[in-house]
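Below: one structure, written as structure tokens.
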Amino acid sequence: MIGKMSHKLFNNILTIRSMTSICKSSRSAMTLALSNAYINGKWVPAEDGSTFPVKNPANGKLISEVADMTANETEAAVNHAAKAFKQWKDYTAFDRSKLLKKWYTIMTNNQEELAQILTAENGKTITEARGEIMYGTSFVEWFAEEAKRVYGDVLPSGFKSKRQLHLKQPVGVCGIITPWNFPNAMILRKVGAALAAGCTVVVKPAEDTPLSALATCHYAEQAGIPAGVLNVVTCSHKHAAEVGKVLCGNPKVSKISFTGSTETGKILMKQSVDTMKRVSMELGGNAAFIVFNSADVNAAVAGAVSSKFRGSGQTCISANRLLVQDQVYDEFCEKLTKAVEKFVVGDGLEDGTTHGPLINEKAVDKVDKHVKDAVEKGGKVLIGGERLAKGPAFYSPTVIRDINQEMAVCREETFGPLAPVIKFKEEKEALLIANSTRMGLAGYFYSQDIQQIWRVAEDLEVGMVGINESVLSAMNIAFGGIKESGLGREGSKYGIDEYLNIKYACFGGLH
Ligand code: SIN
């Protein structure tokens, strides 16, 4: 469908015919639907011309055929990034900051195009996609500012003849491996920090959603980010492992930052050991969402809706297990069911749609498996619990009560629109259940009891806790988990440290 490599951007765009499936309102969005990888400032096809299809999960239609790169092209991208690093690290922080600000401004000015592409390839509603573009780009603006605040230290010296300093230096080339659930934000949260620190990057976006990644490159090019600083290697599922292996194994890559499943994160960590790379891992969750008897139940229901059903339940910090205390259990279940009844499931680009499809049929299979398992073991479906005829990637938003610990939904991350509600009696029991997992990304609870608020906030084994609040994400907070949910923090004043080494410098021989 798409032609071979061209130096002209417009040769990389989709045809108007296919574009109508991406963007109903804005023809200019077609300029972004690129089909080649972006290496060393050029739009390049795979060496053998192979491509893989990117399809719209709402209707299964082909959006684009994208370059299917392999280990070879990835090595080349790493070499270009290593070469570009030599110059980029020597830009002043102020110059890097200016370029990042420019990139941020161009992307926010083109929020609609980016959102349309995101909805087309990921399925989330256009309102959520617009929100994601604002969220993703906010990291670029944030780190443009942080670039100018990378302070080292001058230490009080213990020796008259010595002066001791800490210098902060960029780690080098970074391999950035990102998921499909936030095709824009997960890239910009990492790349914003890396570029601000003076690192260069090779990004491998998820095979389901490479177009949002390529679109950000288009704007980086417009902003004047130099060739080789930002590289995107696209590939199909077939080549994902070999591309990942190059990024983890190549000694020219100094750091790996990954967002995705714990299982894949462990493989990437193992592959990074031989070259002793720095790693940041934002991995799976199994968030508990606890509602205590003293809670404002209406607020808790609104919180559960936004946490559990954000992106149709496909976020790492989505509530996975809803634990509700006995006195408010029935009221909560009833009100949550009523709220879910109002959802309008459909194509994310259609007016009025509140919840889009899942990413693909495999994701639907997992939700269905969890629902069937829960029902077999005594769970009662209050709403939903079935595949939808709209298409293979659609599942009805579901609430199930009478959930118990034996059910798969309590042990595994569903990553879909299923709210399982567990009844508990005592605070201790809720904490025991909440912490009975190797995951520790986010947790939430609703309570009006101040003593309880402090106890539970401190005792939940997670990296992030929402107290009477279910929307946690922002560029200024330290995002990340503990236990098997990952290592390192993204965003906030700490996010840039993941891309910096501290060098101790000792000036001696002073009198
Ligand atoms: C995630 O699902 O991994 C990211 C969610 C967020 O940044 O809010």
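Note on the chain: with neighbouring protein chains present and a 1.4 Å probe, carbon and sulfur make up 54 percent of its accessible heavy-atom surface.
Given their separation in residues at 0.36 nm each and the Cα-Cα distance between them, Glu331 and Glu406 gain 24.6 nm when the chain is fully extended. From the alpha carbon centroid of segment 65-81 to that of segment 144-219 is 21 Å.
Counted residue by residue at 0.36 nm each, then reduced by the alpha carbon distance between them, the extension gain from Val154 to Ala478 reaches 114.1 nm.
Each peptide in 138-147, 346-355, 279-288, 89-98 receives the mean, over its residues, of other Cβ atoms within 10 Å, and ordering these scores from highest gives 279-288, 138-147, 346-355, 89-98. Close amide-amide hydrogen proximity is noted between Ile482 and Gly440, Leu441, Gly463, each under 5 Å apart and 5 or more residues distant or on a separate chain (H modeled in the peptide plane; Pro and chain starts excluded).
Normalised by the number of residues in the chain, what is the relative contact order in percent for Cα pairs under 8 Å and 6+ residues apart? The normalised contact order for the chain reaches 17 percent. Using the 1.4 Å probe convention, the accessible area of segment 73-125 works out to 40 Å² per residue with neighbouring protein chains retained.
Legend: residue pairs Lys308/Lys335; Lys308/Lys362; Lys55/Lys308; Lys190/Lys369; Lys101/Lys190, Cα-Cα distance threshold 23 Å; pairs beyond threshold, Lys55/Lys308; Lys190/Lys369. Taking 0.36 nm per residue of separation and subtracting the current Cα-Cα distance, fully stretching the chain between Met134 and Asn72 would add 18.8 nm.
Annotation: aspartates and glutamates with alpha-carbon distance below 13 angstrom to Lys83 (same-chain offsets under eight excluded): Glu75.
For segment 481-486, putting each phi into the Karplus relation 6.51 cos²θ - 1.76 cosθ + 1.60 with θ = phi - 60° gives couplings of x, 10, 6, 8, 8, x Hz, in residue order, rounded to whole numbers and with x for Gly and Pro. Approximating the spin labels as points 7 Å out from Cα along Cα→Cβ, the Asp373-to-Lys428 distance works out to 2.9 nm. Read phi for every residue in segment 390-401 and hand back ³J(HN,Hα) as whole Hz from Karplus 6.51 cos²θ - 1.76 cosθ + 1.60, θ = phi - 60°, with x for Gly and Pro. Whole-Hz 3J(HN,Hα) from phi for segment 390-401: 4, x, x, 9, 9, 9, 6, x, 10, 10, 10, 9. 3J(HN,Hα) couplings calculated from phi for segment 38-55 with the Karplus curve 6.51 cos²θ - 1.76 cosθ + 1.60 (θ = phi - 60°) are, in sequence order, 10, 10, 6, x, 10, 8, 10, x, 5, 3, 9, x, 5, 9, 9, x, 10, 10 Hz; Gly and Pro show x. Heavy-atom accessible surface of segment 357-496, averaged per residue, reaches 46 Å², computed with a 1.4 Å probe. Residues whose amide H lies under 5 Å from that of Leu323, counting only those 5 or more places away or on a different chain, are Phe289, Ile290, Val291, Ile422; hydrogens are built 1.01 Å from N in the peptide plane.
At a probe radius of 1.4 angstrom, the accessible area of segment 139-202 per residue rounds to 34 square angstrom.
The values are calculated or read from the model by the stated rules, or taken from the named source; none is laboratory data. Predicted model, so just to flag it, every value in this text is computed and none were measured. A quick note on method: Cβ atoms are made from the backbone with ideal geometry, for glycine too, and the neighbour counts reach across all protein chains shown. Surface areas here come from the heavy atoms of the whole protein model, side chains and all, with no ligands, DNA or RNA. Shrake-Rupley method; radii C 1.70, N 1.55, O 1.52, S 1.80 Å.
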